[in-house]
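Asker: The structure under discussion is supplied below as structure tokens; questions concerning it will follow.
The values are calculated or read from the model by the stated rules, or taken from the named source; none is laboratory data. On a predicted model such as this, the values are computed, not experimentally measured, just so you know. Methodologically, a virtual Cβ is constructed for each residue, glycine included, from the backbone with ideal geometry; neighbour enumeration extends over all protein chains shown. We work out accessible area using only protein heavy atoms, side chains counted, and drop any ligands, DNA or RNA first. Shrake-Rupley method; radii C 1.70, N 1.55, O 1.52, S 1.80 Å.
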Amino acid sequence: MLSTLQPPRSLSHFRTNPTLLLRYTSLKTLSSLSSQPVTHSTLTDQPCSPNPLPHSQILSTRHSLLSRHLTATQLADSFLARLRLTEPHLRSFLHVSDSVLAQARELDEKIQRNEELGPLAGVLVAVKDNICTAEMPSTAGSRVLEGYTPPYDATAVRKIKELGGIVVGKTNLDEFGMGSTTEGSAFQVTANPWDVSRVPGGSSGGSAAAVSARQCMVSLGSDTGGSVRQPASFCGVVGLKPTYGRVSRFGLMAYASSLDVIGCFGTSVADAGILLQAISGHDRLDATSSKREVPDLAAEFVSISSTISKPLKGLRIGLIRETLDGGVDTGVTSAVRSAALHLEELGCSITEVSLPSFSLGLPAYYILASSESSSNLSRYDGVRYGSHVAADELNSQYKDSRAKGFGSEVKRRILTGTYALSAGYYDAYYKRAQQVRTIIRKSFKAALDEHDILISPAAPSAAYKIGEKKNDPLAMYAGDIMTVNVNLAGLPALVLPCGFVEGGSAGLPVGLQMIGAAFDEGKLLKVGHIFEQTLQNCNFVPPLIADELTS
């Protein structure tokens with residue numbers, strides 16, 4: 001039992017009489033919610049209380065619109081006002097849509113005509129800028145694509161629009177997703193809403209910061225080696241990386257094609273799950289998308305009887321021993337062990353599990369990801385699209401366009417990958433990294449055969465200062481140790497805030513990572529939902545906006 005490993009802390013004592021949890025209705029039946037009350041009728045987050053109420057901004061939005069309590073224009077106005085107020089401090093967005101209010105007014109007119117609304121009607125969604133949008137620039141944070149507007153929407157974006165969602169804008173990122181701080185953007189540096197002198201994580205730092213600061217309701221990011229999960233931890237929001245193949249990659253600018261996935265950010269597990277449900281499913285435009293039927297993920301947000309003191313009784317959870325070894329901040333270790341104790345109080349059986357191959361994932365990942373990037377980024381030649389440099393002959397145009405268009409980190413990874421794939425080194429590097437990937441997959445399968453879920457920190461530290469690791473790429477790479485193995489194995493993972501460490505004016509959030517078997521996102525969402533609803537004494541609203549949301 002985990003209780004023998006460390007004495008319990010006061011962070012998350014479970015009450016035997018928890019508030020009934022809201023049972024969320026599936027996307028297929030959301031249209032019937034017009035006559036059903038939702039627990040929260042406003043979109044402001046409530047501070048944690050001994051019996052916290054469940055919350056979903058998506059369902060609250062729907063209820064507010066259909067009950068005529070608020071109009072879509074009023075909702076959009078309030079978020080845009082907050083965006084304008086906070087954006088000078090955060091710089092989360094590279095582009096803000098100028099059609100948000102027009103789309104909101106169209107939605108209000110549909111409501112007046114009593115027309116049927118999509119399940120994401122009125123939901124303001126931010127989109128990472130390496131995901132294509134037809135009517136907005138999509139730069140991947142790179143000068144080589146400066147000013148480029150795609151002729152089509154990514155499949156995930158198209159599905160959101162078809163379900164009534166409003167894309168509020170494009171968020172900042174490390175160039176082509178290559179980085180862990182969002183300092184690698186060619187255009188600007190994004191700050192963390194919990195402390196604007198610190199990084200928001202990366203590479204989806206803009207998407208995480210935007211959700212954390214309530215500049216939007218939910219957002220899309222991409223995750224190649226932890227680019228959804230690590231920013232979620234740094235910014236105190238929920239980040240969901242789906243199984244490889246669950247969501248179409250069509251329209252996602254390729255970095256490492258065998259690792260890339262589109263993921264979701266929200267302020268609650270419910271919102272992240274509802275957004276994932278909306279964008280999941282097979283796509284004929286992506287041969288790697290799975291043909292598996294998408295289950296009703298919202299059905300996993302089950303009610304808990306007030307008489308049930310251990311709603312997760314019988315669930316087997318493995319705490320990965322290697323993720324709590326040296327190199328992990330003591331505050332992070334303490335927060336994760338406290339979260340494990342909380343899960344034990346909810347009825348889970350917690351055991352430590354060893355994954356001896358865990359430390360091999362980081363070097364294997366950087367060889368494989370860099371190798372794939374050297375191939376994928378060869379398309380940016382200054383001829384077909386994006387910016388280009390005028391030259392007298394073609395080879396000079398290629399060379400100069402790429403030299404001036406790519407940043408230093410992108411060049412470093414292209415060179416690393418090209419070297420690993422070169423004759424004489426392929427077997428020593430790329431082939432061996434693929435063999436390590438197979439070992440990691442097998443070790444995860446063996447562990448998940450014995451456990452329902454594996455848990456670990458989402459990152460070895462909380463958010464650090466802007467500039468602290470910018471000139472030390474190896475130190476920055478080491479921060480991905482908790483997340484890259486999940487991508488190598490193609491598994492789903494959920495990160496949600498579980499506590500704080502010292503730092504900033506109000507502490508810095510720490511994320512707990514839950515890892516599940518392939519295509520078992522439902523189980524992660526169920527456990528994460530119960531965990532967040534029963535976690536006490538934690539208010540994950542950043543100080544930048546805390547006064548506004550609690551007033």
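Asker: Going by amide H atoms built from the backbone, whose H comes under 5 Å of the H on GLY503, apart from near neighbours?
Answerer: Correct list: LEU508.
Asker: Whenever you get a sec, compute what percent of the accessible area on the chain sits on carbon and sulfur atoms (1.4 Å probe).
Answerer: For the chain, the apolar C and S fraction of the accessible surface comes to 52 percent.
Asker: What distance in nm separates the simple spin-label points at ASP449 and SER359, each placed 7 Å from Cα in the Cβ direction?
Answerer: 2.6
Asker: What residues qualify as long-range amide H neighbours of LEU319, i.e. H under 5 Å apart, gap of 5 or more or another chain, H built at 1.01 Å from N?
Answerer: HN-HN under 5 Å from LEU319: THR351, GLU352, VAL353, ILE455.
Asker: So how far apart, in nm, are the two label points at GLU393 and LYS411 if each is 7 Å from Cα heading toward Cβ?
Answerer: Between GLU393 and LYS411, the label points sit 2.3 nm apart.
Asker: In Å and from the alpha-carbon atoms only, list the Rg and Dmax of the range 143-211.
Answerer: 13.5, 38
Asker: When a/c is below 1.5 the answer is rounded, else prolate if a/b is larger than b/c, else oblate, so apply that to the chain with a ≥ b ≥ c taken from the square roots of the Cα gyration tensor eigenvalues.
Answerer: The shape class here is oblate.
Asker: Here's a follow-up. For the chain, with the dipole built from +1 on Lys and Arg beta-carbon atoms and -1 on Asp and Glu ones, taken about the Cα centre, which of LEU346, ALA121, ALA463 lies farthest toward the positive end?
Answerer: Among LEU346, ALA121, ALA463, the one farthest towards the positive end of the dipole of the chain is LEU346.
Asker: What is the dipole size for the chain, taken about its Cα centre, with +1 at each Lys and Arg Cβ and -1 at each Asp and Glu Cβ, in debye to the nearest 20?
Answerer: Taking the Cα centre of the chain as origin, the dipole is about 640 debye.
Asker: Which length gain, in nm to one decimal place, applies between ARG292 and ARG384 when the Cα-Cα distance is subtracted from 0.36 nm times their residue separation?
Answerer: Stretched out fully, the ARG292 to ARG384 stretch lengthens by 29.6 nm.
Asker: For LYS128, which lysines qualify as cross-link partners when the Cα separation must be under 25 Å and same-chain residues fewer than eight apart are set aside?
Answerer: LYS159, LYS161, LYS170, LYS241, LYS404, LYS411, LYS465, LYS469, LYS470
Asker: Moving on to the next point. Report the percentage of all Cα-Cα pairs in the range 390-468 whose separation exceeds 20 Å, rounded to a whole percent.
Answerer: 67
Asker: Quote the convex hull volume per residue of the range 395-520, based on C-alpha atoms, as a whole number of Å³.
Answerer: With only Cα atoms used, the range 395-520 gives 158 Å³ per residue.
Asker: A further question follows. For the chain, what is the accessible area per residue in Å², given a 1.4 Å probe and the full set of protein chains?
Answerer: 37
Asker: Pull up all non-local amide H partners of PHE93: gap of 5 or more, or a different chain, and H-to-H distance under 5 Å with H placed in the peptide plane.
Answerer: ASN172
Asker: Work out from phi, with θ = phi - 60° and the Karplus expression 6.51 cos²θ - 1.76 cosθ + 1.60, the ³J(HN,Hα) of each residue of the range 365-381, listed in order in whole Hz, and give x for Gly and Pro.
Answerer: With the stated coefficients, the range 365-381 comes to 4, 5, 6, 5, 5, 5, 5, 5, 5, 5, 7, 4, 7, 5, 5, 8, 10 Hz.
Asker: Which percent of the Cα-Cα distances in the range 193-271 go past 16 Å?
Answerer: Roughly 44 percent, rounded to a whole number.
Asker: Could you tell me the extents of the range 53-184's C-alpha atoms along the three principal axes, largest first, rounded to whole Å?
Answerer: Per principal axis, max minus min of the Cα coordinates gives 46, 33, 26 Å.
Asker: If the viscosity is 0.890 mPa s and the temperature 25 °C, what translational diffusion coefficient in µm²/s does Stokes-Einstein give for the range 281-368 when Rh comes from Kirkwood over Cα pairs?
Answerer: It comes out at roughly 145 µm²/s.
Asker: Spelling out what I want: for every residue of the range 507-519, take phi, set θ = phi - 60°, compute 6.51 cos²θ - 1.76 cosθ + 1.60 (Karplus), and round to whole Hz; glycine and proline get x.
Answerer: x, 10, x, 10, x, 9, 9, 10, 10, x, 6, 3, 6
Asker: Same structure again: Quick one: work out the % antiparallel among DSSP beta bridges in the chain, nearest 5.
Answerer: So the antiparallel bridges in the chain amount to around 65 percent.
Asker: Per q in 0.14, 0.30 1/Å, what log10 I(q)/I(0) does a Debye calculation on the alpha-carbon atoms of the range 490-551 return?
Answerer: Here log10 of I(q) over I(0) equals -0.51, -1.22.
Asker: Using packing as a proxy for protection, rank 98-107, 227-236, 508-517 so that the peptide with the highest average count of other Cβ atoms within 10 Å comes first.
Answerer: 227-236, 508-517, 98-107
Asker: Hey, got the dipole for the range 193-328? About the Cα centre, +1 on K and R Cβ, -1 on D and E Cβ, debye to the nearest 20?
Answerer: Charge dipole, the range 193-328, about its Cα centre: 240 debye, nearest 20.
Asker: Tell me, what HN-Hα J-couplings in whole Hz come from the Karplus equation 6.51 cos²θ - 1.76 cosθ + 1.60 at θ = phi - 60° for each residue of the range 203-208, using x for Gly and Pro?
Answerer: 8, 8, x, x, 5, 5
Asker: Apply the a/c threshold of 1.5 to the C-alpha gyration tensor of the range 440-503 and tell me whether it is rounded, prolate or oblate.
Answerer: In terms of gyration-tensor shape, oblate.
Asker: How big is D for the range 93-170, in µm² s⁻¹ as a whole number, if Stokes-Einstein is applied with the Kirkwood radius of its Cα pairs at 10 °C and 1.306 mPa s?
Answerer: The Stokes-Einstein estimate is 121 µm²/s.
Asker: Follow-up question, since we're still on this one. Among the lysines, which have Cα under 17 Å from the Cα of LYS310 when same-chain residues fewer than 8 positions away are ignored?
Answerer: Within the straight-line limit of under 17 Å, LYS310 reaches these lysines: LYS523, LYS526.
Asker: Taking a label point 7 Å from the Cα of ALA299 along the Cα→Cβ vector, which residues of the range 242-257 have an amide N closer than 20 Å to it?
Answerer: Backbone N within reach: 243, 246-247.
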